[in-house]
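The block underneath contains the structure these notes are about, expressed in structure tokens.
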Amino acid sequence: MAKRVGLEVSLACSEAVKLANVDVIAAYPITPQTHIVEHLSELVADGHLDAEFVPVESEHSAMSACVGSSAAGARTFTSSSAQGLALMHEILFIAPALRLPIVMAVANRSLSGPISIWNDHSDIMAERDIGWIQTFAENGQEVMDLTLHAFKVAEDHRVTLPMIVNLDGFILTHVIEPIEMPSQEEVDAYLPPFEPQQKLDIANPISMGLVGVPEVYTEARKAMLDALEKSYPVIKEHWDGFAQQFGRQYNPIETHHVDDADTVLVTMGSLGETAMTAVDEMRAAGRKVGQVRIRLWRPFPSGDFLDAISGAKTLVVMDRALSPGADSGPVATEIKSLIYATGGGPYVADFVAGLSGRDVTREDFKQMVDKAEAAAAAGDPMTFEMWGVKE
Amino acid sequence: MIEVRFHGRGGQGAVTSCELMAQAAIAEGRYAQAFPSFGPERRGAPLQAYLRISDDPIRLREKIYHPNVVVVLDPALLASGAVKDGLKEDGVLVANSSKTVAEVRGQCGYSGRTAVVDAAVIAQQELGVPITNTTMLGALLKAVELVELDSLKAPLDARFGRLAEKNLAALQRAYAETEIEE
């Protein structure tokens, strides 16, 4: 086993990008940026990473530069957060349409206003439908591992789609914790050099980004959708390959004590660890509580999710973003829609918690489980509650 | 698992202290977590930083509400009362102050194990600046053997380069000069 080093999680992401030997990093280097690209710019400037670092004047330009470099056949990385991600918005749709395997780390943070720099998922939920593959990390090791996995999946010729690794801002990005650093040889064995399926090449000219008139637009979108759906087995295959190479197994849906659980907590991102400890403490107190962690958000692993919750009577879904005007947060909306198709299923209690970095503690999870079980028993309507609102 | 909460002000290096300790513990093959109280870093504003050290993997992302140890970098924060919030009765308070242990206890209202050192004077003399974060690690280590002193040397080198030696000297002097009362 490789030795663990104490490293800030942002830097673990940068080191993974360095180990992936990227060709181009284009990023807006100022707030709301993280240490991820700051460290990458140091690695490039100091000669430790042979890549082009393009410090652009906005995130809109960052994603545009990434589209260009990926189209030219370069392994391409960027990172952003919050309002910066929002400024990329219109270009984000272009990357999967052009089938460009860009990898991006998103340090999930609140969108203003009020002005906030803290963690929640409102930035990425606003980009739910851009057509990128999306995973969520729970800790620093996962950030490193999922970043390497992202290049492997995105560039696979059966996929050729861009991919986002989500990591909670501050709650992960600014924490020092133990990270097992793989060696360059191990990474090289897992991740071969990027071989683009097609690229902009003056010797063999092609056109990319053409007009999709009404007669072909629908078919072009269908083709992209098919590619996203077909990425699912490849994502799993490369997690299995990752386990063989590095000894750590990942799955689209991770479970903890679900087999005999009446009530199952559903988390995505860094809440998963505190929730897991809360579940262990509730188990020790004789409660039949389990946990499901959503690691793969897009494409959503519907079958795996339904299997995981098949025995549950009550789900306690954690949403870290609001969907104003809707009946639930984005994660619970997804889950309710899935469960509806089964014609039965558990009661779904939805809590919007941890907005703008508000702490969600073990005690909070226990109280949410109590409240959800009571609501299920009373047959209360399945809406959502904003957790911990001060009266 | 041991939980430590640092109280300082922006610019005093509380976050760095936690990071150095976490790196030292991880280098010893243990598990650790260091994180700030996540705000815009404003010089002079009171802030907290957190440190967990454990022999087992740490699966917690909540702040530290019931610390085993509290370290106070700025003497002016001792009177605020916030420093002893949630501090366990069998815990330890480690304070930078020119006052006696009895006086510090009176200021902050904590009656448990208390360690005091005049870190500002040591830092001024050893480092030439009144930044007490590395100095206070000496007091912390004397009060609680969280890591081996040797394990801190590499993180200090990585962080401070040619200034590492002076920081280590300040840390060791604080270790020697810290007064502890049960």
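The values are calculated or read from the model by the stated rules, or taken from the named source; none is laboratory data. All values reported here derive from a predicted model rather than from experimental measurement. FYI the Cβ positions are ideal-geometry reconstructions off the backbone, even for glycines, and counts take in every protein chain you see. Heads up: the accessible areas ignore ligands, DNA and RNA and are worked out on the full protein's heavy atoms, side chains in. Shrake-Rupley method; radii C 1.70, N 1.55, O 1.52, S 1.80 Å.
Any residue that is in a helix (DSSP H, G or I) and within 14 Å of another protein chain (Cβ to nearest Cβ) - is there at least one of those in segment A:262-272? Yes, because at least one residue in segment A:262-272 is in a helix (DSSP H, G or I) and within 14 Å of another protein chain (Cβ to nearest Cβ).
For segment A:341-360, the criterion of being within 14 Å of chain B (Cβ to nearest Cβ) and within 17 Å of A:T383 (Cα to Cα) is satisfied by at least one residue.
Suppose we keep only residues that are of a type in the set (D, E, K, R) and touching a Leu at 6+ places or on another chain (Cβ under 9 Å) within segment B:45-64. Which one would you say is farthest from B:L141 (Cα to Cα)? Before you say what the answer is, go through the steps one by one.
Taking segment B:45-64 and keeping what is of a type in the set (D, E, K, R), we get B:52, B:55-56, B:59, B:61-63.
Narrowing further to those that are touching a Leu at 6+ places or on another chain (Cβ under 9 Å): B:52, B:61.
Numbers: B:R52: 15, B:R61: 25 Å.
The qualifying residue farthest from B:L141 (Cα to Cα) is B:R61.
Restricting B:Q33, B:Q23 to those that are touching a strand residue (DSSP E or B) at 6+ places or on another chain (Cβ under 8 Å) and under 20 Å from A:R358 (Cα atoms) reduces the list to B:Q33.
Taking the criterion of being modelled with pLDDT of 95 or more and facing another protein chain (nearest Cβ under 10 Å), the residues of segment B:40-51 that qualify are B:Y50, B:L51. Hey, any hits in segment A:205-221 for a residue that's open to solvent by less than 20 Å² (accessible area, probe 1.4 Å) and either among the β-branched types (V, I, T) or assigned by TED's automatic domain parsing to the domain that holds A:C13 (or both)? No; the residues of segment A:205-221 include none that is open to solvent by less than 20 Å² (accessible area, probe 1.4 Å) and either among the β-branched types (V, I, T) or assigned by TED's automatic domain parsing to the domain that holds A:C13 (or both). Inside segment A:1-27, residues that are away from chain B (no Cβ under 11 Å) and at pLDDT 95 or above make up a count of 18.
Suppose we filter B:S54, B:S37 for residues that are modelled with pLDDT of 95 or more and either more than 14 Å from chain A (Cβ to nearest Cβ) or out of contact with any Cys (no Cβ under 9 Å at 6 or more places or on another chain) (or both); which single one remains? None of the others qualify; the one that does is B:S54. Number of residues in segment A:161-178 that are open to solvent by 10 Å² or more (accessible area, probe 1.4 Å) and not hydrophobic (A, V, I, L, M, F, W, C): the value is 3.
Each row is one residue, and each column tells you yes or no for (1) in contact (Cβ under 8 Å) with a residue 12 or more places away in the chain; (2) in contact with a helix residue (DSSP H, G or I) (Cβ under 6 Å, 6 or more places away or on another chain).
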{"site": "A:V187", "(1), (2)": "yes, yes"}
{"site": "A:P193", "(1), (2)": "yes, no"}
{"site": "A:V211", "(1), (2)": "no, no"}
{"site": "A:M224", "(1), (2)": "yes, yes"}
{"site": "A:G241", "(1), (2)": "yes, no"}
{"site": "A:G247", "(1), (2)": "yes, no"}
{"site": "A:E254", "(1), (2)": "yes, no"}
{"site": "A:G272", "(1), (2)": "yes, no"}
{"site": "A:E281", "(1), (2)": "yes, no"}
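If I ask for residues that are in contact with an Asp or Glu (Cβ under 8 Å, 6 or more places away or on another chain) and among the aliphatic types (A, V, I, L, M), which ones from segment A:237-258 would you list? Of everything in segment A:237-258, just one residue is in contact with an Asp or Glu (Cβ under 8 Å, 6 or more places away or on another chain) and among the aliphatic types (A, V, I, L, M), namely A:I253. Considering segment B:123-169, the residues that are assigned to a loop (DSSP other than H, G, I, E, B) and closer than 23 Å to B:G44 by Cβ include one that is most open to solvent (accessible area, probe 1.4 Å), namely B:P130.
Out of all the residues in segment A:343-369, which are among the acidic types (D, E) and crowded, with 22+ Cβ neighbours inside 10 Å? Quick ask: steps written out before the conclusion?
The initial filter retains those residues of segment A:343-369 that are among the acidic types (D, E), namely A:350, A:359, A:363-364.
Those that are among the acidic types (D, E) and crowded, with 22+ Cβ neighbours inside 10 Å: A:D350, A:D364.
With a requirement of 2 or more residues that are away from every other protein chain (no Cβ under 12 Å) and either out of contact with any Gly (no Cβ under 6 Å at 6 or more places or on another chain) or within 26 Å of A:L225 (Cα to Cα) (or both), the strands (runs of 3 or more DSSP E) lying completely within segment A:133-197 that satisfy it span A:133-136, A:163-168. Taken over segment A:324-334, the criterion of being closer than 18 Å to A:L265 by Cβ and open to solvent by 30 Å² or more (accessible area, probe 1.4 Å) is satisfied by A:T333, A:E334.
When the residues of segment A:234-261 are narrowed to those that are within 14 Å of another protein chain (Cβ to nearest Cβ) and either farther than 30 Å from A:E155 by Cα or assigned to a helix (DSSP H, G or I) (or both), which ends up least open to solvent (accessible area, probe 1.4 Å)? Write out each step before concluding.
The initial filter retains those residues of segment A:234-261 that are within 14 Å of another protein chain (Cβ to nearest Cβ), namely A:248, A:254, A:256-257.
Imposing the further condition that a residue be either farther than 30 Å from A:E155 by Cα or assigned to a helix (DSSP H, G or I) (or both) reduces the set to A:256-257.
Values: A:H256: 36, A:H257: 88 Å².
Residue satisfying both the conditions and the ranking: A:H256.
Looking only at segment A:98-116, residues that are in a loop (DSSP other than H, G, I, E, B), of a type in the set (V, I, T) and either open to solvent by less than 50 Å² (accessible area, probe 1.4 Å) or in contact with a helix residue (DSSP H, G or I) (Cβ under 6 Å, 6 or more places away or on another chain) (or both) come to 1 in all. Determine whether A:D370 is in the same structural domain as A:A284 (by TED's automatic domain parsing), among the charged types (D, E, K, R) and farther than 25 Å from A:R128 by Cβ. Yes, satisfied.
If you go through segment A:364-391 and keep only what is more than 16 Å from A:K336 (Cα to Cα) and among the acidic types (D, E), you end up with A:D364, A:D370, A:E373, A:E391.
Which ones in segment B:77-104 are among the hydrophobic types (A, V, I, L, M, F, W, C) and over 21 Å from B:Y50 (Cβ atoms)?
Step one: filter segment B:77-104 for residues among the hydrophobic types (A, V, I, L, M, F, W, C), giving B:77-79, B:82-83, B:87, B:92-95, B:101-102, B:104.
B:A79, B:V101, B:A102, B:V104 - these are the residues of segment B:77-104 that are among the hydrophobic types (A, V, I, L, M, F, W, C) and over 21 Å from B:Y50 (Cβ atoms).
With a requirement of 2 or more residues that are buried (at least 24 other Cβ atoms within 10 Å of the Cβ), the strands (runs of 3 or more DSSP E) lying completely within segment A:16-84 that satisfy it span A:24-27, A:76-80.
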